[in-house]
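Asks: Here it is, the structure in full.
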Amino acid sequence: MDNITFEDFSKIDFRVGTIIAVEAFDEAIKPAYKLKIDFGDIGVLNSSAQITHRYSEGDLLNKQVIAVLNFPKKQIANFMSECLVIGAVGEEGDVVLLNPDFKVENGLRIG
């Protein structure tokens with residue numbers, strides 16, 4: 001694995017947001033959800049997440065998550081994903097979402 005500098009790391013805009021809407025993403029090639037995530041003053045952004053194996057829609061609603069906001073937007077089928085939700089990926093692709101231990105203000109930067 002290549003080392004990066006602190007300057008490289010500081011370019012990544014990690015933020016905390018709350019999932020305010022979850023919908024099955026039937027048009028996706030792999031099972032996924034369409035998420036709407038509230039990032040406070042930054043606004044509400046869309047994300048596509050392949051996390052259906054571990055999470056139900058009810059598990060995700062109102063859950064705080066960590067996402068990268070400064071990746072380019074990505075068109076997935078008929079949906080524009082505007083941020084990347086972060087999770088720990090197991091050997092078989094099973095994802096566990098990263099989230100704060102305590103409820104914090106939406107939009108807070110991770111650093």
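The values are calculated or read from the model by the stated rules, or taken from the named source; none is laboratory data. What you see is a predicted model; the values in this text were computed from it and never measured. Here the Cβ positions follow ideal geometry from the backbone for every residue, glycine too, while neighbour counts run over all protein chains shown. These accessible areas exclude ligands, DNA and RNA; they are computed on the full protein's heavy atoms, side chains included. Shrake-Rupley method; radii C 1.70, N 1.55, O 1.52, S 1.80 Å.
Asks: Can you quote the Å³ per residue value for the convex hull of the Cα atoms in segment 1-102, rounded to an integer?
Replies: Numbers: hull volume 13.4 nm³, N = 102.
Taking the convex hull of the Cα positions in segment 1-102, it is 131 Å³ per residue.
Asks: Quick check: residue separation of Glu57 and Met1 times 0.36 nm, minus the Cα distance between them. What number comes out in nm?
Replies: Numbers: separation 56, 0.36 × 56 = 20.16 nm, distance 3.48 nm.
That pair, Glu57 and Met1, stretches by 16.7 nm at full extension.
Asks: Each residue of segment 103-111 in order: what ³J(HN,Hα) in whole Hz does its phi give by Karplus 6.51 cos²θ - 1.76 cosθ + 1.60, θ = phi - 60°, with x for Gly and Pro?
Replies: For segment 103-111, the Karplus curve yields 4, 10, 5, 4, x, 4, 7, 9, x Hz.
Asks: Under a point spin-label approximation (7 Å from Cα along Cα-to-Cβ), what is the Val89-Ile20 distance to one decimal in nm?
Replies: For the pair Val89/Ile20, the computed spacing is 2.9 nm.
Asks: Under the rule of -39500 (n - 2.57) per DSSP H run of 4 or more residues, summed and divided by the residues of the chain, what mean residue ellipticity at 222 nm is obtained, to the nearest 500 deg cm²/dmol?
Replies: Numbers: 2 runs with 9 residues, N = 111.
Using -39500 (n - 2.57) per qualifying helix, the result is -1500 deg cm²/dmol.
Asks: Given a 1.4 Å probe, how much area per residue of the chain is accessible, in Å²? It would help to have the intermediate numbers written out before the result.
Replies: On the way: 7300 Å² over 111 residues.
It amounts to 66 Å² per residue over the chain.
Asks: While we're on this one: Where in segment 25-111 are there GluC sites (Glu not before Pro) that are in a DSSP coil and have at most 13 other Cβ atoms within 10 angstrom of their Cβ?
Replies: Sites meeting the loop and neighbour criteria: Glu27, Glu91, Glu92, Glu105.
Asks: Work out the count of Lys pairs in the chain where the Cα-Cα distance is under 21 Å, with the pair 8 or more places apart or on different chains.
Replies: Taking the Cα cut-off of 21 Å, the pair count is 12.
Asks: Before anything else, pin down the relative contact order of the chain: Cα pairs under 8 Å, at least 6 apart, normalised by residue count, whole percent.
Replies: RCO, the chain: 31 percent.
Asks: Only Lys, Arg, Asp and Glu count, each charged at its Cβ (+1, +1, -1, -1), so figure out the dipole size of the chain about its Cα centre, rounded to 20 debye. Walk me through the numbers on the way to the answer.
Replies: Values: 11 positive and 17 negative charges, 46 e Å.
It works out to roughly 220 debye.
Asks: Kindly state, to the nearest 0.05, the FRET efficiency for Asn46 paired with Phe102, given R0 = 22 Å and r defined as their beta-carbon distance.
Replies: On the way: r = 26 Å, r/R0 = 1.18.
Using R0 = 22 Å, I get an efficiency of 0.25.
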